[in-house]
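The values are calculated or read from the model by the stated rules, or taken from the named source; none is laboratory data. Bear in mind that the values here come from a model prediction, so they are computed numbers and not experimental data. Glycine gets a Cβ as well: all are built from the backbone with ideal geometry, and neighbour counts include every protein chain shown.
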Amino acid sequence: MPIRCLFLIVATLVTPLAGVETWHASWIGPAQSTTNQWTRYRKSFTLDPPPASAVARIAADSKYWLWLNGSLVVREGGLKRGPAPDAGYFDTIDLAPYLKSGDNTLAILVWHFGKHGFSHNSSGQSGLLFELDLPTGKLTSDATWRISPHPAIGTSSDTRPNRRLPECSLRFDAGADEPDWTTPSYPSASWPAATLFGSPPAAPWGRLVQRPIPQWKDYGLKDYSSVHALPEAAAGTIRAKLPYNAQVTPWFRVDAPAGLEIDIRTDNFNGGGEPNVHAKYLTRSGIQEFECLGWMNGHEVCYTVPAGIKVLGLKYRETGFNANFTGSFECDDADLNLLWQKAARTLYVTMRDSYMDCPDRERSQWWGDVVNELGEVPYAFNPQAASLTRKAIRELVAWQRPDATLFSPIPAGVPATGQKNDGGTWSTELPVQMLASIGKYGFWNYYIHTADKETIGQAYPAVKRYLKLWQLDAENLVVHRPGDWDWSDWGKEIDARVLDSAWYQLALEGAIGMARLTGNQADIPGWDALRKRITAGFNHTFWTGSEYRSPGYKGDTDDRANALAVVAGLATRAQFPALREVLTKHRNASPYMEKYALEALFLMDAPDLAMTRMKQRYRAQLDSPLTTLWEGWGIGKDGYGGGSYNHAWSGGPLTCLSQYAAGIAPTSPGYASYAILPQMGALSTITAKVDSPKGLIQVALNRLANTFRATVVSPVGAVGVLGIPRRPAGTPQFTIGGKPVQPVRENDRFYLLRIPDGESVFEALW
């Protein structure tokens with residue numbers, strides 16, 4: 001075993017993981033495993049009467065479908081492996097609604113990926129673990145279960161997915177299928193008994209952690225928005241349009257002779273520059289239906305149908321992360337509305353087993369992407385969506401290497417050789433992405449929106465270890481760490497030295513908050529002293545009088561670096577006029593770092609400049625018919641990386657519009673208190689919703705010539721403050737529900753009024 005791989009495993013053996021449990025069941029499966037292996041399992045048992053509750057714990061490598069008494073109960077259960085390098089996940093499901101008196105039959109189909117990917121750490125062995133609590137005892141996976149390879153599912157011989165994906169493209173041979181194998185009457189007595197591998201933490205699966213996110217949301221089979229159909233009996237490609245970019249499993253019903261092949265893929269098959277997944281279907285004779293098992297994404301599903309097949313119906317099933325779009329933003333600028341909506345759609349299509357950079361080329365949890373995504377989630381979805389951030393944080397710290405470095409994407413395959421990146425594996429540190437992850441906009445932002453102290457408590461030791469890798473030089477600035485990949489952003493004109501110190505300052509701010517929260521007060525003076533040193537050195541060395549620029553940097557002024565100086569609190573108000581000018585003239589950031597340029601303008605009280613820049617920079621994406629935002633400012637060869645057109649790191653405008661234009665943000669963890677401090681600029685109306693842990697916050701703002709009106713709905717128990725923007729005309733008269741009131745306080749930007757529980761109408765009249 002390579003030394004590096006051994007170190008990874010040894011390190012995680014002492015990493016505490018939430019949800020690790022004791023098992024009575026044994027892992028079972030085929031004796032030998034291969035890539036893209038599909039295995040059927042069956043077990044019959046008797047109940048009299050059925051219980052009111054019957055909780056099953058199920059683990060599979062890698063995914064499973066479960067039927068009980070012929071009814072599909074779980075569609076694509078399981079999560080890609082990797083809560084830690086030596087661990088996997090298990091699901092918990094109540095099967096009581098599907099049980100009956102007398103004989104019951106379980107049928108489970110397991111898909112073993114059988115290879116690493118940038119989102120999956122393969123164990124190398126197909127397996128199933130099942131344990132059901134019943135009044136008579138436990139029903140467990142053991143040698144009495146029968147197993148058999150699925151006779152119809154194989155691997156498509158067409159273009160294979162790129163190495164980043166653990167999934168294979170599938171080929172389904174309907175002539176070899178046994179469609180009744182999931183029914184109780186199917187005769188499976190001749191199937192061989194399963195091979196036993198032992199109870200957890202049996203090798204190669206290791207420890208098991210309870211699934212921390214909900215099962216997928218299933219939107220049911222739906223008709224396409226439109227279908228470009230073929231004439232009857234003609235050959236060619238049918239293009240079926242989806243209402244938006246979505247995660248889908250295509251379905252069809254056809255009348256066909258045997259032996260003809262239908263190809264199913266989306267218009268996004270080469271999304272991000274390299275091939276992803278597709279499916280093939282080999283017909284049997286007669287009328288038949290089929291739904292793809294592996295999901296794909298795009299704006300259109302393309303069915304390539306040979307001559308001789310009559311298409312009787314086409315549908316799709318959308319599935320996705322189980323969260324509701326309860327947040328919203330609308331204003332009197334159609335461009336901003338569309339940009340918010342495209343950002344929300346992009347965010348949703350990049351959420352599933354983990355956050356993803358894109359749902360096509362990689363499906364990988366790069367933490368630079370995650371930081372932007374976790375900031376968007378509280379403004380787009382109900383609080384349940386935060387569970388994906390909690391999962392991501394716990395995974396990142398559990399994968400910390402013995403040398404204290406953090407890296408992403410994780411989960412990922414543990415390298416099989418001494419190399420850092422081997423085949424579909426990855427273990428490369430991008431230092432400034434890691435600083436962003438553990439700091440104010442990463443871990444700490446999650447805490448502020450959720451008040452999840454437990455997760456921060458688990459993360460802080462890893463944060464402390466990682467920050468100690470960084471050093472300051474004689475000028476009190478951060479010593480550049482190239483890491484394994486010296487990357488700050490796509491594009492050029494990157495002033496890395498300024499960015500390093502600003503990111504480290506933000507990481508220290510997060511660390512101080514975490515230390516205070518977790519009772520590690522002894523760490524705070526050291527972190528605080530570093531912050532003070534950076535503050536002194538930063539402006540002394542980098543400020544030229546008109547911009548931030550490191551000595552020796554000869555490129556165009558880096559808007560990212562100047563914006564991050566504002567966001568990190570290193571710039572003073574006296575520097576704001578010059579910095580507003582910098583962010584008006586210089587535009588080098590990719591969509592990943594653009595979020596911070598926009599936020600800096602809002603922080604400098606320049607909402608009109610922020611929204612103007614927003615619309616100008618996203619102009620091509622606003623004008624595009626695509627419903628999702630791009631990895632770069634162009635697509636394909638005109639973009640960055642692989643030129644993906646569904647990258648949620650581009651969704652910074654969603655956060656900025658909700659948090660700053662509408663002004664809704666927590667002022668204490670979990671929205672125990674919050675503020676609405678709108679920066680409307682030239683906008684006349686804004687309506688917005690944020691579904692906080694305390695309940696739904698709603699606001700409707702109207703800015704008129706002599707009046708400012710706000711209708712606010714505040715959840716019971718949340719202490720809210722509304723800021724009414726000041727005007728040169730003097731002090732207005734304030735009313736709530738028509739009754740005169742006085743502000744509780746004021747500052748140079750707002751008059752601050754307390755928000756009562758329930759619905760209230762505020763008015764300020766000049």
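Looking only at the stretch 680-691, residues that are surrounded by fewer than 24 Cβ atoms within 10 Å (Cβ to Cβ) and either under 28 Å from the mean Cα position of the chain (by Cα) or modelled with pLDDT under 95 (or both) come to 2 in all. For residue 220, indicate whether it is within 26 Å of the chain's Cα centre (by Cα) and on the phi > 0 side of the Ramachandran plot. For residue 220, the condition - within 26 Å of the chain's Cα centre (by Cα) and on the phi > 0 side of the Ramachandran plot - is met.
Residues checked against (1) farther than 26 Å from residue 592 by Cβ; (2) of a type in the set (Asp, Glu); (3) in contact with a Ser or Thr (Cβ under 7 Å, 6 or more places away or on another chain):
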| position | (1), (2), (3) |
| --- | --- |
| 448 | no, no, no |
| 454 | yes, yes, no |
| 458 | yes, no, no |
| 482 | no, no, no |
| 493 | no, yes, no |
| 506 | no, no, no |
| 510 | no, no, no |
| 520 | yes, no, no |
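Yes or no: the stretch 375-389 includes at least one residue that is buried (at least 24 other Cβ atoms within 10 Å of the Cβ) and either charged (D, E, K, R) or at pLDDT below 95 (or both). For the stretch 375-389, residues buried (at least 24 other Cβ atoms within 10 Å of the Cβ) and either charged (D, E, K, R) or at pLDDT below 95 (or both): present. You will find that of 455, 425, the residue that is of a type in the set (S, T, N, Q), in contact (Cβ under 8 Å) with a residue 40 or more places away in the chain and within 19 Å of residue 368 (Cα to Cα) is 425 and no other. Taking the stretch 568-587 as the range and being surrounded by fewer than 20 Cβ atoms within 10 Å (Cβ to Cβ) and of a type outside the set (Ser, Thr, Tyr) as the test, the residues that pass are 569, 573, 574, 576, 577, 578, 580, 581, 585, 586, 587.
For the stretch 470-487, a residue qualifies if it is modelled with pLDDT of 95 or more, under 20 Å from residue 397 (Cα atoms) and in contact with a Lys or Arg (Cβ under 7 Å, 6 or more places away or on another chain), and exactly one does: 470. Among residues of the stretch 512-550 being of a type in the set (S, T, N, Q) and within 25 Å of residue 582 (Cα to Cα), the one that is surrounded by the fewest Cβ atoms within 10 Å (Cβ to Cβ) is 544. Scanning the stretch 713-731 for residues that are under 25 Å from residue 759 (Cβ atoms) and of a type in the set (S, T, N, Q) yields a single hit, 714. When each of 533, 481, 560, 497 is tested for being touching a residue at least 40 places away in the same chain (Cβ under 8 Å), assigned to a loop (DSSP other than H, G, I, E, B) and either touching a His at 6+ places or on another chain (Cβ under 9 Å) or not assigned by TED's automatic domain parsing to the domain that holds residue 695 (or both), the lone residue that passes is 481. If you go through the stretch 33-79 and pick out every residue that is assigned to a strand (DSSP E or B), of a type in the set (S, T, N, Q) and crowded, with 22+ Cβ neighbours inside 10 Å, you end up with 2. Here residue 194 does not fit the description of being out of contact with any Cys (no Cβ under 7 Å at 6 or more places or on another chain) and either closer than 17 Å to residue 290 by Cβ or in the same structural domain as residue 314 (by TED's automatic domain parsing) (or both).
Filtering 632, 636, 695 for residues that are buried (at least 18 other Cβ atoms within 10 Å of the Cβ) and either of a type outside the set (A, V, I, L, M, F, W, C) or assigned by TED's automatic domain parsing to the domain that holds residue 713 (or both) leaves a single hit, 632. Taken as a whole, the condition of being modelled with pLDDT of 95 or more, charged (D, E, K, R) and outside any strand (DSSP E or B) does not apply to residue 263.
The residues listed here are 731, 735; of these, the one that is touching an Asp or Glu at 6+ places or on another chain (Cβ under 7 Å), closer than 16 Å to residue 707 by Cβ, among the hydroxyl-bearing types (Ser, Thr, Tyr) and in the same structural domain as residue 681 (by TED's automatic domain parsing) is 735. Could you pull out the residue among 305, 254 that is touching a residue at least 12 places away in the same chain (Cβ under 8 Å) and under 24 Å from residue 72 (Cα atoms)? Being touching a residue at least 12 places away in the same chain (Cβ under 8 Å) and under 24 Å from residue 72 (Cα atoms) holds for just one of 305, 254, which is 254.
Every residue, every condition in (1) crowded, with 24+ Cβ neighbours inside 10 Å; (2) within 29 Å of the chain's Cα centre (by Cα), yes or no:
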position: 82; (1), (2): yes, yes
position: 98; (1), (2): no, no
position: 101; (1), (2): no, no
position: 110; (1), (2): yes, yes
position: 125; (1), (2): no, yes
position: 139; (1), (2): no, no
position: 144; (1), (2): no, no
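For (1) within 15 Å of residue 275 (Cα to Cα); (2) assigned to a strand (DSSP E or B), each residue gets a yes or a no:
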{"site": "131", "(1), (2)": "no, yes"}
{"site": "144", "(1), (2)": "no, no"}
{"site": "162", "(1), (2)": "yes, no"}
{"site": "167", "(1), (2)": "yes, no"}
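Do we find a residue being under 22 Å from the mean Cα position of the chain (by Cα) and of a type outside the set (Phe, Trp, Tyr) anywhere in the stretch 298-309? Yes, some residue in the stretch 298-309 is under 22 Å from the mean Cα position of the chain (by Cα) and of a type outside the set (Phe, Trp, Tyr).
Considering only residues that are of a type outside the set (D, E, K, R) and free of Cβ contacts under 8 Å to residues at least 40 places away in the same chain, look in the stretch 462-475 and name the one that is surrounded by the most Cβ atoms within 10 Å (Cβ to Cβ). Taking the candidates together, the pick is 470. The set of residues in the stretch 719-766 being of a type in the set (D, E, K, R) and either in contact (Cβ under 8 Å) with a residue 24 or more places away in the chain or part of a loop (DSSP other than H, G, I, E, B) (or both) consists of 726, 727, 748, 749, 754, 757, 759, 763. Here residue 277 clears all of (1) surrounded by fewer than 22 Cβ atoms within 10 Å (Cβ to Cβ); (2) out of contact with any helix residue (DSSP H, G or I) (no Cβ under 9 Å at 6 or more places or on another chain); (3) modelled with pLDDT of 95 or more except the condition numbered (1). Among the residues making up the stretch 551-563, none is at pLDDT below 95 and either closer than 15 Å to residue 580 by Cβ or touching a Cys at 6+ places or on another chain (Cβ under 8 Å) (or both).
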